[in-house]
Amino acid sequence: MAQIISEENRLKVYVETYGCQMNLADTEIVLGIMNKSGYSPTQTIDDADVVLLNTCSVREHAEEKIHQRLSVIKKQLSGKPELVVGVLGCMAERLRSNLIDRHRVDIVVGPDEYRKLPELLDGALAGSQGIGVRLSRTETYDDITPFRTEGISAWISVMRGCDKFCTFCIVPFTRGRERSRSLAGVVREIEQLVGQGFREVTLLGQNVNSYTDSGSDFADLLSAVASVDSRLRVRFTTSHPQDLSDKLIETIASHDNLCNYIHLPVQSGSNRILEAMNRTYTREHYLALVDRIKSRIPGVALSTDIISGFPTETEEEHRETLSLMEEVRYDGAYMFKYSPREGTPAYRLGDDVPDEVKSRRLAEIISLQQKISGEVNQSVVGKTVEVMVDGSSRKSDLQLSGRTGANKTVVFPSGSFKPGDLVKVKIGRASSATLFGEPVGGFN
Ligand code: SAM
Ligand code: SF4
């Protein structure tokens with residue numbers, strides 16, 4: 001028999017989420033699990049009985065930030081000895097009991113053990129520390145209903161883990177082997193989201209292109225999701241350049257509600273570095289793929305990830321990255337300095353590009369991308385684009401902010417539009433990050 005817990009008897013859980021969109025989606029799964037076992041989410045740390053940090057290990061800087069945050073939380077809340085503090089996510093998986101030794105946290109739970117949270121929290125509330133860091137080959141949380149607060153746009157993990165083993169990357173070690181959710185389970189969840197009024201979904205995985213379920217691939221999943229409701233906007237991330245099939249390109253081209261936007265991390269423009277990174281494609285393969293995408297999906301927007309200063313990277317190889325950026329002309333990019341991660345194959349190569357060289361190369365990459373983004377955005381001035389309203393713009397309540405199918409942020413006067421509305425906006429000016437315009441018509 002289901003246990004009914006009155007609102008005032010429910011313990012309050014506060015979660016801070018760091019890192020990628022997968023972590024945001026995981027936090028909703030965690031809250032789904034906890035809500036079912038008698039906890040209520042709170043947005044205020046001072047109200048909380050349980051404080052959880054869902055963490056990221058991708059770069060050293062991300063981990064340092066969390067160590068600092070844990071020290072602050074432990075100090076700030078030292079007057080509440082009954083408070084339970086836990087670490088979730090990739091750092092929990094990587095550092096395990098070291099986190100208990102260093103920060104005296106109560107629980108440490110890796111990405112595949114969230115079902116154990118209620119049990120571990122029971123123990124912690126009774127005064128014992130607990131760890132759950134086993135990785136699974138099968139866990140996909142397919143049956144868990146994520147706890148979502150926002151009503152327009154939803155993240156949905158369709159697969160977990162990664163089998164790519166890029167030599168710089170900690171993810172295969174912290175999130176384990178690749179596994180996919182069932183197509184039927186994903187479609188069911190999306191039908192529910194549409195019923196609840198969601199207008200946009202983003203399908204998530206470290207490499208969505210290797211999604212597989214009983215003979216269905218990612219293109220089949222996208223078709224099925226797009227067919228749930230033709231008014232639902234469907235996005236996805238991340239695509240690995242080796243696995244993005246022509247079938248997927250055709251699928252995107254043939255559905256109006258599959259957004260014309262592909263995040264296609266390249267990491268480097270040099271074949272020698274790509275090989276050292278174990279990216280399994282060449283510059284030529286990547287550029288040919290980009291050509292096919294652009295010719296089959298007119299107006300497609302592309303973004304990427306780039307790492308500066310991978311071990312042994314020469315000046316010449318850095319310039320090959322810049323020239324690839326010029327050739328592709330990305331709409332946007334996430335750009336990082338190489339950060340050595342203990343346990344990865346690249347760690348053994350050392351970290352021989354001096355920090356000031358990495359920083360200078362990164363600055364050159366960022367400055368080139370800003371110039372290209374500015375030019376690409378400038379080409380939209382004078383055109384009318386369809387924008388889905390997200391909410392008030394960051395700078396003024398009199399302005400709304402929304403995104404186009406190509407994921408461009410557009411700011412325009414509020415009028416009577418509300419989040420989720422589709423509005424036609426004529427673009428009057430553009431910066432490298434934002435388009436600005438006037439509504440010329442809207443519809444729901
Ligand atoms: N699976 C996705 C992919 O392959 O693009 C993204 C995973 S990772 C969380 C996001 C980005 O972080 C990567 O594309 C890469 O550019 C960057 N990254 C990963 N490990 C890194 C490292 N050790 N140093 C710097 N950047 C790193
Ligand atoms: Fe990391 Fe490469 Fe997997 Fe992306 S594809 S998560 S960069 S190992």
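The values are calculated or read from the model by the stated rules, or taken from the named source; none is laboratory data. A quick note: this is a predicted structure, and the numbers were derived from the prediction, not measured. Backbone-built Cβ (ideal geometry, glycine too); neighbour counts: all protein chains shown.
Filtering the stretch 109-125 for residues that are in a strand (DSSP E or B) and buried (at least 18 other Cβ atoms within 10 Å of the Cβ) leaves a non-empty set.
The residue list GLU313, GLU327 contains one member that is closer than 23 Å to GLU364 by Cα and assigned to a helix (DSSP H, G or I), which is GLU327. Of all residues in the stretch 294-328, those being small (Gly, Ala, Ser), out of contact with any strand residue (DSSP E or B) (no Cβ under 9 Å at 6 or more places or on another chain) and at pLDDT 95 or above number 2. Here GLY402 meets the list (1) modelled with pLDDT under 95; (2) crowded, with 18+ Cβ neighbours inside 10 Å almost entirely, failing just condition (1). Residues that are surrounded by 15 or more Cβ atoms within 10 Å (Cβ to Cβ), at pLDDT 95 or above, part of a loop (DSSP other than H, G, I, E, B) and touching a Cys at 6+ places or on another chain (Cβ under 7 Å) are absent from the stretch 85-92 altogether.
Residue selection: VAL376 satisfies the criterion of being in contact (Cβ under 8 Å) with a residue 40 or more places away in the chain and crowded, with 17+ Cβ neighbours inside 10 Å.
When you check LYS371 against the structure, is it in contact (Cβ under 8 Å) with a residue 60 or more places away in the chain, of a type in the set (D, E, K, R) and not in a loop (DSSP other than H, G, I, E, B), yes or no? Yes.
Looking at THR138, is it part of a loop (DSSP other than H, G, I, E, B), more than 16 Å from ligand 1 (Cβ to nearest atom), at pLDDT 95 or above and under 26 Å from VAL225 (Cβ atoms)? It is true that THR138 is part of a loop (DSSP other than H, G, I, E, B), more than 16 Å from ligand 1 (Cβ to nearest atom), at pLDDT 95 or above and under 26 Å from VAL225 (Cβ atoms).
Test PHE236 against the criterion of being outside any loop (DSSP other than H, G, I, E, B), more than 27 Å from VAL133 (Cβ to Cβ) and either within 16 Å of ligand 2 (Cβ to nearest atom) or aromatic (Phe, Trp, Tyr) (or both), and give yes or no. Judged against the criteria, PHE236 is a match.
Out of the stretch 56-78, which residues are away from ligand 2 (no atom under 16 Å from the Cβ), surrounded by 14 or more Cβ atoms within 10 Å (Cβ to Cβ) and of a type outside the set (D, E, K, R)? Listed by number, the residues that qualify are ILE66, HIS67, LEU70, ILE73, LEU77. Considering the stretch 158-183, and only residues there that are in contact (Cβ under 8 Å) with a residue 24 or more places away in the chain and assigned to a helix (DSSP H, G or I), the residue that is farthest from ligand 1 (Cβ to nearest atom) turns out to be LEU183.
Kindly establish whether THR409 is surrounded by 14 or more Cβ atoms within 10 Å (Cβ to Cβ), within 30 Å of TYR338 (Cβ to Cβ) and of a type in the set (S, T, N, Q). Yes.
Looking at ARG341, is it free of Cβ contacts under 8 Å to residues at least 40 places away in the same chain and either within 16 Å of ligand 1 (Cβ to nearest atom) or of a type in the set (Asp, Glu) (or both)? No: the conditions fail for ARG341. Looking only at the stretch 296-320, how many residues end up being on the phi > 0 side of the Ramachandran plot, within 16 Å of ligand 1 (Cβ to nearest atom) and under 26 Å from the mean Cα position of the chain (by Cα)? Looking only at that region, the number is 1. Just one of (1) free of Cβ contacts under 8 Å to residues at least 40 places away in the same chain; (2) under 30 Å from THR251 (Cα atoms) fails for MET325. It is (1). Can you confirm whether SER214 is farther than 17 Å from PRO265 by Cβ and not charged (D, E, K, R)? So SER214 fits the description; yes. If the condition is being in contact with a strand residue (DSSP E or B) (Cβ under 6 Å, 6 or more places away or on another chain) and not in a helix (DSSP H, G or I), then the stretch 184-199 contributes only PHE198. Is the stretch 416-423 home to any residue that is touching a Ser or Thr at 6+ places or on another chain (Cβ under 8 Å) and in a strand (DSSP E or B)? Looking through the stretch 416-423, none of the residues is touching a Ser or Thr at 6+ places or on another chain (Cβ under 8 Å) and in a strand (DSSP E or B).
Contact map, the stretch 279-306: first residue in contact (Cβ under 8 Å) with a residue 12 or more places away in the chain and farther than 24 Å from ILE366 by Cα, second residue in a loop (DSSP other than H, G, I, E, B) and within 14 Å of ligand 1 (Cβ to nearest atom), Cβ cut-off under 6 Å, separation 6 or more or different chains; pairs are THR280/GLN242. If only residues of the stretch 252-269 that are out of contact with any Phe, Trp or Tyr (no Cβ under 9 Å at 6 or more places or on another chain) and of a type in the set (Gly, Ala, Ser) are counted, the one that is nearest to ligand 1 (Cβ to nearest atom) is ALA253.
Among the residues making up the stretch 398-414, a single one is of a type in the set (Lys, Arg) and under 15 Å from VAL201 (Cα atoms): ARG403. Hey, can you tell me all the residues within the stretch 259-285 that are assigned to a strand (DSSP E or B) and aliphatic (A, V, I, L, M)? If the condition is that a residue be assigned to a strand (DSSP E or B) and aliphatic (A, V, I, L, M), then ILE262 is the only one that fits.
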